[in-house]
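**Student:** Before I ask anything, let me first share the structure, which is written out below as structure tokens.
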Amino acid sequence: MRNIRYILTLVLGTLSLCTWSQDYARLSERTIMGTARYVGMSGAMTAIGGDPSSVLDNPAGLGLYQRAEAMVTFDGTFDYTRQVGEHDRVYRGLFMCPQASLIFHLPTFTTSTSGIQGHNFMLSYHRLHSYSRTFNGYGTNEASLGSIMPTDIKDMIPFNTMDRVESNSLNLRESGYVNKYSFNWALNIAHQWYVGLGLHIQDFIVISEANYVETFSGKNAEGAKYYNQNRSSLQFAGVGFSASAGLIYRPLKWLRMGLSVEAPSIGKLRTYTSGTFSAMTDTLRDSFAPNLASDTAFHMPLHVSSSVAFQIGAYGMLSLQYDYLKHLDEIPVHSLRAGLEVIPVMGMYINAGYAYESTFKPANAPVELNPKFYRQDAYFIHPRNTQYVSAAVGYRGPNVIVQAAYQYRWQNINLFAHEAANPYDIHTDTHRIVVTIGWHRN
């Protein structure tokens, strides 16, 4: 039995030498989350500022504050996931607090319109991404899990080695989060230049449970169909540190330009993985593989954000934004955002937004093998693109702030059961309802 377990560890390690960059890219995923105003603008606020969540893309946005403020946000997310062409649709709901902030304003009490007008500091918490979804994938005539095993291992452990399967299925459940805790400072120079710096701590955990089964047409002497089954459990956990810097420039009353950079974070990632492999041939063999763990250095991606905003008198703003994310050896992720704010009456504002985000992988990119660490999980996920549309309404009174927003997000994903399989075409629809309340000094 000890020999079987040892060999099984090699088997599962061989079938799932997953790329580290694949793991990092998954942890680097960001959802447009934050205050209702930020969500309603689809995050296009790098050149606008004046909102706690705008510092996610540009810490200089804090410089537009002229009084102290406290704000908290509540979020209800409803996610529907399905395989294209299948009727099976999986629903999951999640309620959370994705944002809380406390802003301190220190005016310089100068009577001059030139020079430094004030300093602002902010302590904030933001959730960057939540993992709460279930994937169900089904396929036929796929390459077998056994087809990618070395011949010597196939001869030592009895399992089905047919190259084609009659049918297969993968059930994958994910949970977890990526949180960001920040200290930001910004200053206002002549109401024309706004400069900001930020220090950030990122805390993340992702847990996934997968069950993959492939069934063959052949049967054993007892009439049971041949099959292979791989159950696996995967967990990421860690913490990282990063810094950001940004600038907003107002050359004209109706024009704002914003630019910011967040450096790749420095941190540690701990990975746990375990699994079992079962095979029905002449008899059922169900073996257990030992838990495996690894500690590695971890880097969140480089994030560059640029934006231009046009102020339409006292009636609102139009903002256009481009974000660039680059992580290790992955291709860059490009994000295009557009946001509109209309002020029908003083103190009230209405927002609308749209965003498109590309993928960190080409559509049919193969998994890249990493021989340094054996893993029992064989699947991998390649998001093809993500899009958002949103709307919000808010009221800003003498002391109270109330906002509400709705966001619809859809995402197309290639989900691979293992490196030799064709991808399942997965589509997700996410509905998000956001409510923000706040207080500020009159």
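What follows draws every value from the coordinates through simple rules; no lab data is involved. Source: prediction; values computed, not measured. Cβ: placed from backbone, ideal geometry, glycine included. Neighbour counts: every protein chain shown.
**Student:** Using a Förster distance of 35 Å, how high is the FRET efficiency between residue 346 and residue 429, based on the Cβ-Cβ distance and rounded to 0.05?
**Tutor:** Computed FRET efficiency for residue 346 and residue 429: 0.40.
**Student:** OK, next. Efficiency by 1/(1 + (r/R0)^6): what FRET value for residue 402 and residue 441, r their Cβ-Cβ distance, R0 = 22 Å, to the nearest 0.05?
**Tutor:** Rounded to the nearest 0.05, the efficiency is 0.85.
**Student:** Hand me the GluC sites (Glu not before Pro) from the stretch 176-224 located in a DSSP loop with no more than 13 other Cβ atoms within 10 Å, in residue order please.
**Tutor:** Listed in order of number, the matching sites are 222.
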